[in-house]
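Laboratory data are not the source of any read-out in this text; all were calculated from the coordinates shown. Not measured: the values here are computed from a predicted model. Using ideal geometry, Cβ is built from the backbone for each residue, glycine included, and neighbour counts are taken over all protein chains shown.
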């Protein structure tokens, strides 16, 4: 009943990125993004190089381009801010066609746009090649606190279930002629939200009792621990290594 949160992001495949263990990809993603963010604002060539690395990684996933582009929608707030920044920032002005913009604002906006695009592309590459179950296993393997891992695991498992139930309640309301056209409809929506909360709470209690009856002690058992070969570590950390070389080259120069 219901799907797992994040399954709509994951795309089945057998690409080199798909075959990497989840914890290797997660560490590689974090390292790469941190190094990209650490680049100076005026390091345009270095930032373009990291963007090229991200594009290559996405290409290696063999995920359809349309799917990747649809996930870039999450970048919209950064794009809007990057476009507005040259017009509101202070400092020396420069003319681009019919408009006059702030030169520091233009550089900052460009840096923000490229950095955000690079980071989102790498995150999309990770999300499309890693299932929600593998993500939870990776966090557990990396010794993230058990409480946080279990909260995430239950959220991944049951948020889809709660969403499906909310959708069924919406269909039931509409089948009875309900249409939220004014403030008068708010009490009905509030009642539905309360009923959904009570049902979710009761489901949580039943799940907890069922787990306790099966010997649950506060930690989920690990049936198939993650393992990675040195070659896989090398492949997973290669984008981060390239970003590190780029950062060092910028700092030295």
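Residues 164, 200, 253, 119, ranked from the fewest to the most other C-beta atoms within 10 Å, line up as 253, 164, 200, 119. By how many degrees, between 0 and 90 and to the nearest 10, does the Cα long axis of helix 132-141 differ from the longest principal axis of the chain? Relative to the chain, helix 132-141 is tipped by roughly 80 degrees. The peptide list 141-150, 235-244, put in order of mean Cβ contacts within 10 Å with the highest first, becomes 235-244, 141-150. Based on Cα contacts under 8 Å between residues 6+ apart, the chain shows a relative contact order of 38 percent. Computed from Cα positions, the angle between helix 76-88 and the longest principal axis of the chain comes to roughly 40 degrees. Can you give me the Cα centroid spacing of the range 74-107 and the range 39-60 in angstrom? That distance is 21 Å. Once you sort the root eigenvalues of the Cα gyration tensor of the chain as a ≥ b ≥ c, which label holds: rounded (a/c under 1.5), prolate (a/b larger than b/c) or oblate (the other case)? Verdict is oblate for the chain. Taking each DSSP H run with n ≥ 4 as -39500 (n - 2.57) and averaging over every residue of the chain yields -23500 deg cm²/dmol at 222 nm. Would you please give the FRET efficiency between residue 226 and residue 94, computed as 1/(1 + (r/R0)^6) with r the Cβ-Cβ distance and R0 = 45 Å, to the nearest 0.05? In this case the efficiency is close to 0.30.
As a proxy for reagent exposure, 47, 133 were ordered by neighbouring Cβ count within 10 angstrom, fewest first; the result is 133, 47. Using a simple spin-label model with pseudo-atoms 7 Å out from Cα toward Cβ, residue 176 and residue 216 lie 3.2 nm apart. The label-point distance for residue 209 and residue 146, in a model that sets each label 7 Å from Cα toward Cβ, rounds to 2.4 nm. Approximating the spin labels as points 7 Å out from Cα along Cα→Cβ, the residue 66-to-residue 197 distance works out to 4.1 nm. For the chain, the longest principal axis of the C-alpha atoms and the axis of helix 186-213 are separated by about 80°. When the Cα convex hull of the range 188-229 is projected onto planes of every orientation, the mean area is 5.2 nm².
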